[in-house]
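In what follows, a single structure is set out as C-alpha cells and then discussed.
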Amino acid sequence: MKQYVLSMQQPDGPPPPPEILDPIMRDIGVVEQEMRDAGVWVFSGALQSPAHARVVRMRDGEPLTTDGPYVEGKEHVGGFTIIQAPDLDAALEWARKLAGAVALLPIEVREFQGGV
C-alpha cells in the first residue's frame, strides 16, 4: 500500500461562524470514520493559522528562527489526512469524499516518496 496526504487548502482569515463550520466538521468526521472503517485512515489533524507558524533555517552555521509562515499567500494548509491506498485512483476517490465534506475547499493529493 502507498501512503498519500490529502491536504485541505483554506483561505486566510477567521474561520466561518458555527452555523457554517459545525456541519462541515460533522461531515469531515463522517468521512474520517468511513476511512477508519475501510482501514485506510492513518492520521489526520487540523493546523493552527499561519500566524502561529515558525520557520527555522540555518544562517552562517547557526539556526535562525523567524515568526510567521515560510510562504505567505491568500490560502494555506488548514489540515490534512494521511491514508493508505493501493493506488492514486483510490486516493483520489477518498479525496472526492473529503472535498464533498468541506464544500468549496480544495483537497490536494500527494503520494509519499518511497514505500511504507
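The values are calculated or read from the model by the stated rules, or taken from the named source; none is laboratory data. Quick caveat: nothing in here was measured; it's all calculated off a predicted structure. So basically every Cβ, Gly included, is an ideal-geometry build from the backbone, and we count neighbours across all protein chains shown. Protein only, heavy atoms only, side chains kept; ligands, DNA and RNA dropped before computing areas. Shrake-Rupley method; radii C 1.70, N 1.55, O 1.52, S 1.80 Å.
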Could you tell me whether the stretch 64-79 includes any residue that is open to solvent by 50 Å² or more (accessible area, probe 1.4 Å) and closer than 15 Å to E108 by Cα?
yes
Just one of A90, A99, A85 is more than 20 Å from M1 (Cβ to Cβ) and among the aliphatic types (A, V, I, L, M); which is it?
A99
Is at least one residue of the stretch 50-61 of a type in the set (A, V, I, L, M), open to solvent by less than 90 Å² (accessible area, probe 1.4 Å), part of a helix (DSSP H, G or I) and farther than 15 Å from L6 by Cβ?
yes
Of the numbered conditions (1) under 14 Å from the mean Cα position of the chain (by Cα); (2) modelled with pLDDT of 95 or more, P50 satisfies every one except a single condition; which is it?
(2)
From the list M35, M8, which one is open to solvent by less than 50 Å² (accessible area, probe 1.4 Å), in a helix (DSSP H, G or I) and in contact with a strand residue (DSSP E or B) (Cβ under 6 Å, 6 or more places away or on another chain)?
M35
Quick check on this structure: which one of A101, A85 is more than 23 Å from D12 (Cβ to Cβ) and touching a helix residue (DSSP H, G or I) at 6+ places or on another chain (Cβ under 8 Å)?
A85
